[in-house]
Every structure is written in C-alpha cells, then in structure tokens.
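First comes the structure, then the notes that go with it.
The values are calculated or read from the model by the stated rules, or taken from the named source; none is laboratory data. Owing to the predicted nature of the structure, the values given are computational and were not obtained by experimental measurement. Using ideal geometry, Cβ is built from the backbone for each residue, glycine included, and neighbour counts are taken over all protein chains shown.
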Amino acid sequence: MKKVALVFLLAVFVPSLVLAWLAVRTLRDQQFLLEKQQSLLYQGVADSAAKNVQDLLSDDERVFTEKVAALLQRTNPAALAKTFDDNLRGDWPLAQVGFAVTLTGDILSPSPYSRSDALTFCTDNSRFLANRESVEVYLNPKQIGNSLALNAPAQSQMPQQTELKDANSESSKRTAQLKGGNRAVYPQQSVGNYNNIQKFSQVEEQQQQNTFSKVAASEAEFRQLIGEANDGTLARFVDNKLNVLFWYRARRDSPLVFGAQIALPKLIEELRPMIEQVETALHEEICVALLDDTARPVAKSHSEFRGNWKHPFVATEIGEALPHWEVAVYLLDPAKLTRSAQSVRLTLGLLIALLVTAIAVGSWLIVMDLNRQLTLARQKTDFVSNVSHELKTPLTSIRMFSELLSEGRVEDVAKQRSYLAIIAAETARLTRLINNVLDFARLERGEKKYVFKECDIVAIAHETAETYRPHLEANGFQFDCDLPGSPIMINADRDAIAQVLVNLLSNAEKYSDPRKEISLQLARQSTPLPHVEARVLDRGLGVPANCGEKIFEKFFRAHDSLSSGIQGSGLGLTLARQIARAHGGEVIYEPRNGGGSCFILRLPLKTA
Ligand code: ADP
C-alpha cells in the first residue's frame, strides 16, 4: 500500500503540481505580455501625438520665415526692423511680439512703450538679445548641431526640478538629471508597474528618481545661439513662464535678426484639434492630454475627464520647442486593468482549485479501488482456503464411513443406515458446494444459461423442503413448512430456483446456533405488483448490523471461519441474488423479530 502511495505521489501528484505551477507561470507571463502590449500601444499614441505637435511647430516656424522673407521683399530691412512688431502681428496672429535685433545687440523693435506685451518682452529679453546675459535655453536638435560650442550645462531654474535627494544615485542618472532635470509627470509604465496601478503613490519617490527628462537645457548668449544658422527656435523659462521664440535672418552675414515670441494661447488653440482626435477604437479606453511644464492639461481629448495629471499611464515629451510639455495618455478606467488581472488570477485560482480537487478526487477513487482490490484479493485467498476446507470435511466423513461399511466392521443395521445417511448428506453438501462454485464461475464468465419454463413454485418449494427435511431433523432442527394449498405458477428455471432455496435453507442451518428452528413460508403477494414471496426464517445468529447488503457481495462473509468456526465460501447468497435477478426477482435480508434472520426470495408471477 505504501509503495502504491509512493508511486502515485511520484507519477501523478508531483507532476500535476509541477504542471499547475507551470500553468500559473505561463498565464502570469501572458498577462504581463498583454499589459506590455497595451502600454506599447498607448505609448505609440502618445509618441505620434507628440510628433504631430513637433511637426506643427516646425510648420509654424516655416510659416514665420516665409512671412519675414516676404516682408523683406516688400520693404528694405532697416525700415522693416523699425515697424516689424506691428507688421508681423498684423500678418500673423500667432506672433505675440515681433522683434528685430542687430548682431551688436540693439533692439530695433518692439518699442517698450508701445504696449504692455512689448514692455514685458523687452524687460524679459533685452539683456539676453543684446548679448549681455547668458541664459538657460532649450534649442531644437538641428540648431544644436549648427550652433557654436555652448557653455557648460547649467542647473535648471524650473520649479519642478528638485535637488538630487539620493546621494547614492548612479552617476549616469546624476548627469542626466543635471542636463535635463526631472519630468513633471511620472508615467506608471516607466517602472513597469503594470499590476500595481493603485499603489502608485507608494513608488512615487522611486519614480521621481527614475523619470528624467530627455530635453536638455544649455546656457548661452543670443549671439552664440544663432551661430551660423539662418533660422531657428529657442525656448526659455522666464520667471517660470515659457517663452517660445522663432528667429530668422535673410543671410548669414545679415546684421539684422528678426524674431517672434509665440502667443502660447493661440498655439494651444492650434494644437487642440490634434489632441482631441483620439483614434475611435481607443476613444472608450484612453484620454489623451497635452500637459504644460507644470503638468497642467492645456488640451485633452475627453473634456469631462479629470485625472491625476502627474500620473499618466504613458507620456512622451514634446521636445526642446516646448520643453517639459508632454503628451500624456490616461486610462479612462484604470481599474479595468486591475480587474482583468484579478479575473485572470481568479480563473487561475479556480483552475488550480479544480485541478487539486480533481487530483484529490482521483486519488480518493484510486485509494478506494485499491482498497476494494485488496479486500477482494484477501477474500479470494480466504475463499480458496474456505472451499478447500469445505471440500475436505465432507470428504473425510464420506471416506471414513464408507471404509467402515466396506470393511464390514459395522454390523448394526441401524448404524449402517445412519452412516449411509451421513454419507448421503455429506455428498449432497459436496454437490451443493461444487455446484455453487461452478455456477459462480459460469456467472462470472457470463456463461450461465437458464432454462425458463412455466412451473409451480409451491411444488418446487415442497420438493426442496422434503428433500432437506430428513437432514435437518436428523440434526435436531425443528423445520416448519408453510406452503399454500394451490399451485402458484411462475416462469422459471426450476433447478436454479431450487438451488436458491437450498442455499437459503443451508445457511439457516449453518448459522442457527443454539436455537434450531427453521421455517419456510411461501405466499402470494399483491403489492406493489403481484408476486410470490418465499421466506426462510431462523432463530440463529442473525447478520451483524451494516452487513445486510454486504453479505450479497461475492466472497463476503460476515461470520468468518476463524472466529465463528462456521465453514463457507461466501458465494451462496451472491448466487441466490443473481439467480433471483435473472428471473426478474430479488433476494433480500431482514432481521427477524425476536432474533434470527429472515431471507426473502421474491419472484414475479407468470403473466398471461
Ligand atoms: P457462506 O458460504 O459464508 O455461508 P453465503 O454467501 O451463503 O456464504 O453467506 C454470506 C454470509 O452471510 C455468511 O458468511 C454469513 O455471515 C451471512 N449469513 C448468510 N445466511 C445467514 C443466516 N441465515 N444467518 C446469519 N448470517 C447469515
């Protein structure tokens, strides 16, 4: 048994657990992949929106240069420089201020006294444009390539650019932070924290250290910045307010540079439609927003959406033209991801529970079957020894008495008769036993044949009882036979029914100690259907509780030979029941009132 359990454990249980573990891993990986794909998809949306914004800014810059070139064709540069602010604004609404500056640093336009915007512009930029001050600026990449060598990277003035907190940070991170500073947003996707969206705030600090901006600021004077280029874009923060400037000069050696400070509200109006058009397929899933440098949404695809703007799902920086501005993507239903993760976990849990239950049930069934097989094997062994013993006992008697008689050692006629009776009884017992074993073997192989004929069960019972009576009475039994006066016809195999009755009577005899009273009763019954009932009653040991059904199982013996000393094969009742069932009837056991057993054989009546 232990060996079987070990084999089962090694062959079934352990591999099943390994398989379950592999299934869990695979599903978890699948979930991770799905989330990764989703984040890549949304990252693509953010990237393409950021690219569109960059393209629009490039277009605007091109429009600006064309407009200046056109103005220069109409008017001479010196005259245009004086009225450039008015001219440009009249022609191009995106310009908040138009400026013209000489390479020597004279600001020809706008006049600081003309209007408040011009005054603010001059206050903010006059020192820078006059090359008297180095400031921190963001240049577009093409310009960086062309421009003169710039000063060393400077510490940012941005409010969100905090001092490095972690003294142990890697040096590469430190360099990145010094050049570009932190981003204003902390995309969840950046730390691969797909499954723990709700725990975002807990990892915020870690993310702050991880989300460095790719946009780098450099410190330079205006002259240095324009270098050898003809046109360009530069952005700078003045008092934490973003100024975006386009500049243009007709020729490299031209002493005049024309420029424009872009009206950000108007630029945002231009950008708005671009942000508002989210792909229809994703419209139900995400909100796309354009965030300014303080992570405030200036345009968004879902006007009613309110989110934690600093914590988008994914985000892409626009670039140097709009430094620290980002296109951010928010999940409209962040819980959906968690829910789907939960449902995967639930499915997984259920699957594993199912698997474990199946393994447990399977194991239980196997153990039960094993037990049954073991019991059967034990019963078979018992059966062999029981049958051998049952064969030996009558054979010994037969041999002994026949030898006595044959040798003529018994002269008393009464004794001779009695010995002959014993020999007959023992022979009958042997025949019964051998018949039972043979019939059982035939039944097991499905070879048992019945010869059904119309017959009178009263006559069968009478004949069997009278054949058995001398034996019973000789052994001191009181045998009552209560049979109806008229025949009861059934359709049956006469010998098989007689065999059932003999088996029942023989059992009643075997298990009747010490009260030797046996009755055979036969009666017609009408409920539930008309049938005939033969009852064999005794006042013997009775069948132990809970064994009422088991005694009909093959080889089962409620009173085993060792403890009870009663010989038997455990086949008599099995055969009786199988024969009865083959006739459409049944054999059952009932404890008898007042002690003893009652075995009932029910058979259907012969129908017309
Ligand atoms: P056996 O050869 O052991 O008698 P049976 O199939 O005829 O085999 O009976 C099965 C078991 O049923 C017996 O071993 C015995 O324990 C129980 N049994 C059968 N008849 C009686 C009875 N009349 N009284 C008490 N127990 C009985």
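Please enumerate the residues belonging to the stretch 481-512 that are of a type in the set (K, R) and within 16 Å of the ligand (Cβ to nearest atom).
K510, the sole residue that qualifies.
May I ask you to list pairs of residues, at least six apart or on different chains, whose Cβ atoms are under 6 Å apart, with the first in the stretch 579-605 being under 17 Å from D439 (Cβ atoms) and the second being among the β-branched types (V, I, T)?
Listed by first residue and then by second, the contacts come to I579/V500; A580/V587; L601/V500; L601/V587.
If you go through the stretch 562-581 one residue at a time, how many are over 50 Å from the mean Cα position of the chain (by Cα), more than 8 Å from the ligand (Cβ to nearest atom) and surrounded by 15 or more Cβ atoms within 10 Å (Cβ to Cβ)?
2
Kindly check whether there is at least one residue in the stretch 433-448 that is at pLDDT below 90 and more than 60 Å from the chain's Cα centre (by Cα).
For the stretch 433-448, residues at pLDDT below 90 and more than 60 Å from the chain's Cα centre (by Cα): absent.
From the residues in the stretch 461-479 that are charged (D, E, K, R) and surrounded by 12 or more Cβ atoms within 10 Å (Cβ to Cβ), which one is farthest from the chain's Cα centre (by Cα)?
Only one residue fits best here, namely E473.
Just to be sure before I move on: is R25 in the same structural domain as S114 (by TED's automatic domain parsing) and either outside any helix (DSSP H, G or I) or free of Cβ contacts under 8 Å to residues at least 40 places away in the same chain (or both) in the structure I sent?
So R25 fails the test.
Residue by residue through the stretch 480-503, note down the ones that are crowded, with 17+ Cβ neighbours inside 10 Å, of a type in the set (G, A, S) and over 23 Å from A425 (Cβ atoms).
Within the stretch 480-503, just A492 meets the criteria.
Only one of (1) touching a strand residue (DSSP E or B) at 6+ places or on another chain (Cβ under 6 Å); (2) loosely packed, with under 12 Cβ neighbours inside 10 Å is not met by E403, so which one is it?
(1)
Tell me, please, whether a residue that is outside the structural domain of I497 (by TED's automatic domain parsing), surrounded by fewer than 11 Cβ atoms within 10 Å (Cβ to Cβ), more than 16 Å from the ligand (Cβ to nearest atom) and assigned to a helix (DSSP H, G or I) can be found in the stretch 420-438.
no
Any idea which of (1) crowded, with 17+ Cβ neighbours inside 10 Å; (2) within 11 Å of the ligand (Cβ to nearest atom) is the one P544 doesn't satisfy?
All conditions are met except number (1).
Among the residues of the stretch 510-539, what is the count of those that are closer than 15 Å to L601 by Cα and of a type in the set (D, E, K, R)?
So the answer is 4.
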